[in-house]
Amino acid sequence: MDPNRESSGAAEPLEAADLARLIQVQRLDEKVARAEATKHRRPMELTQRLEARDAQKKKVEAAKQIIQDTKKRIDSLTVESGVIDADIKKLDGQLFNLKSNEEFNAMKSQIAHRHAKNGEVQDKILELMMASEELEAAWKAETAALAEEQALLERAEQRTKEDLADAEKRIAELAKERQELIAQLPSSLVERYEYVRGRRDGVGLAHIEDEICKGCDTRIMSQVIAGVMAGNLMQCPHCDRILRV
């Protein structure tokens, strides 16, 4: 319960001019809250853009690594194929030095086996070379996506810088305007408003609509509404906000 409330049952008047100023103060507070929200939101959005850029950068690096690994594999298989081919030529050169059909046939079998093995290696090289073309295309696509993410990040950085500067300027202007209004209000009313605002998510005033406090969506007793209508300072029994119609 608001400690600033009067302990006696006497109604406390609320001048119409003071209420009007207090409403203006609350509207200024709402604008400040929106500006503060921008100050909070923009850096978060910038962080998300930065994370998206970094994630895309990792995709590019991963795609590049796959290409490099594939090239290394092709190089390794090419060396293996060369070794097999040299072995085949060596065995071919030994064929006519053999003295028996058994040795000749055994050598031919070894040569055929190496030809088959070399064929498998060559097929694998061809397969990897074809895959390399697709991998290269994928890497280029990821690189293009990275460039787009980088551009988005740079625009977000510029927008964040501008929006934060605008928000700071706006908050300063609103604070000055607010102070001018506060100076025209009774200190007791200001204290009460600030107390309630500090406890109720920055909202110290609430209007009544269809006998409902729109600050907490709770029905207000008729005598409280009558007090508001009579120009008295009344607070919601449920949320403590200063009531208006």
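Rule-based calculations on the coordinates, nothing more; no lab input. All figures in this text were calculated on a predicted structure; none of them were measured in a lab. Here the Cβ positions follow ideal geometry from the backbone for every residue, glycine too, while neighbour counts run over all protein chains shown.
Descriptive notes on the structure:
- Estimated FRET transfer efficiency (Ala106, Ala62; beta-carbon r; R0 41 Å; 0.05): 0.25
- DSSP finds beta bridges in the chain, and of those with both partners inside it, around 65 percent are antiparallel.
- Residues in the stretch 239-245 carry Karplus couplings, in order, of 10, 6, 5, 5, 8, 8, 10 Hz; the curve used is 6.51 cos²θ - 1.76 cosθ + 1.60 with θ = phi - 60°, and Gly or Pro positions show x.
- Debye, to nearest 20: dipole size of the chain, +1 on Lys, Arg Cβ, -1 on Asp, Glu Cβ: 280
- Separation of the alpha carbons by more than 26 angstrom is noted, of Lys31/Lys214; Lys39/Lys176; Lys39/Lys140; Lys72/Lys140; Lys176/Lys214; Lys169/Lys214, for Lys39/Lys140; Lys176/Lys214; Lys169/Lys214.
- Restricting the stretch 166-225 to GluC sites (Glu not before Pro) in coil, as DSSP defines it, with at most 15 other Cβ within 10 Å: Glu211
- Given their separation in residues at 0.36 nm each and the Cα-Cα distance between them, Asp18 and Gln94 gain 16.0 nm when the chain is fully extended.
- Placed amide H near Asn232: partners under 5 Å, 5+ positions off or other chain: Leu14
- Percent breakdown of C-alpha pair distances by 5 Å bin, ordered from the shortest bin, for the chain: 1, 5, 9, 9, 8, 6, 5, 5, 5, 4, 4, 4, 4, 4, 3, 3, 3, 3, 3, 3, 2, 2, 2, 1, 1, 0, 0
- Its alpha carbons give the stretch 36-181 an Rg and a Dmax of 32.3, 117 Å.
- Over the chain, relative contact order from alpha-carbon pairs under 8 Å, at least 6 apart, %: 31
- On the beta carbon distance between Arg199 and Thr47, with R0 = 30 Å, the FRET formula returns roughly 0.45.
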